[in-house]
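The values are calculated or read from the model by the stated rules, or taken from the named source; none is laboratory data. On a predicted model such as this, the values are computed, not experimentally measured, just so you know. When we count neighbours, we look across all protein chains shown, and the Cβ atoms used for this are built from the backbone with ideal geometry, even at glycine. Areas reflect the complete protein model, heavy atoms only, side chains present, ligands, DNA and RNA absent. Shrake-Rupley method; radii C 1.70, N 1.55, O 1.52, S 1.80 Å.
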Amino acid sequence: MMTSTPRLLQAIQQTTTAILKTNLVGIYLHGSYVLGSYNEQVSDLDYLIVVRRSLTLAEKRQLMTATITQLWPLAPHKGLELHVLLLSATQHFVHPCPFDFHFSKYHYEDYQRTPLAYLKAMHGTDPDLAAHLTILQAAGQVLLGPAITTVFGPVPATAYWDSIKSDIANAETAIVQLPMYTVLNLCRVRAYQQDQLIISKQAGGEWGLQQLPTQWHPLIRQALAAYAGQQDEQVIRWSRPNLVAFARIMLAELGLKSE
């Protein structure tokens, strides 16, 4: 059976071009899809839309209608995550990076509940964009538009480090709620701190099996099995004390205080 992702990518191009017309600069893929660990059963699809001027309310409404009705049915398990960025913001990076619009599965219910309020309020700055743009420049793909190097200016390594650190700051509580994601994310951040590697969560776990003490290997293997879809995260018998101990030790090694 053909996966739906090729059709999804085609639909993203078609709908975005039809709505934004001459305002559209390009569409760029980042995240697990470009890092080689994309799995429709457990991943989301991450992409950035770059525009010349801020979207009008009508453009945002059209974009969301197309996203929900045409793109969502083709989306992988965790849905879509998109940011709309101004060309001025991508060419001259500041941290945290400003965005003109944003949507992900996390915001789906907010949008469904109060669409107009969501469309009007969803803009600002996002520290995660430093990580997204670093990954884009290391491994990203052009779905439509000019080359990445002409559209995106450099992101300082300090901004990337700040971004990935803030993503695991609450790991001690998050690891109990989202064990797979947090275990692999902690490994990925440690791999950057130690070896300056910009890698996926899956590659982070594989790095952890090579570099971290053997006492953590069973935990990392469980997380990798869940990420690969070999085991359901919900039915894995996670050891809560083990999860919390892992988070505390990793945070200490990363120079971050646990909560």
> Quick check, is G79 of a type in the set (G, A, S), in contact with a helix residue (DSSP H, G or I) (Cβ under 9 Å, 6 or more places away or on another chain) and under 25 Å from N185 (Cβ atoms)?
Replying inline: yes
>> Need a quick list: helices (runs of 4 or more DSSP H) entirely within the stretch 86-155 having at least 2 residues that are touching a residue at least 60 places away in the same chain (Cβ under 8 Å) and open to solvent by 20 Å² or more (accessible area, probe 1.4 Å).
In response: 87-91, 128-139
> For the stretch 162-214, which helices (runs of 4 or more DSSP H) that fit wholly inside it have 3 or more residues that are open to solvent by less than 10 Å² (accessible area, probe 1.4 Å)?
Replying inline: 179-195, 201-211
>> What's the number of the only condition in (1) touching a Ser or Thr at 6+ places or on another chain (Cβ under 6 Å); (2) under 25 Å from F93 (Cβ atoms); (3) open to solvent by 60 Å² or more (accessible area, probe 1.4 Å) that R248 fails to meet?
In response: (2)
> Which one is nearest to P76 (Cα to Cα) among residues in the stretch 215-242 that are under 20 Å from the mean Cα position of the chain (by Cα) and buried (at least 18 other Cβ atoms within 10 Å of the Cβ)?
Replying inline: Y227
>> Condition first: open to solvent by less than 30 Å² (accessible area, probe 1.4 Å), part of a helix (DSSP H, G or I) and of a type outside the set (D, E). Now tell me which residues in the stretch 19-72 satisfy that.
In response: I19, L20, N23, S32, V34, K60, L63, M64, A66, T67, L71
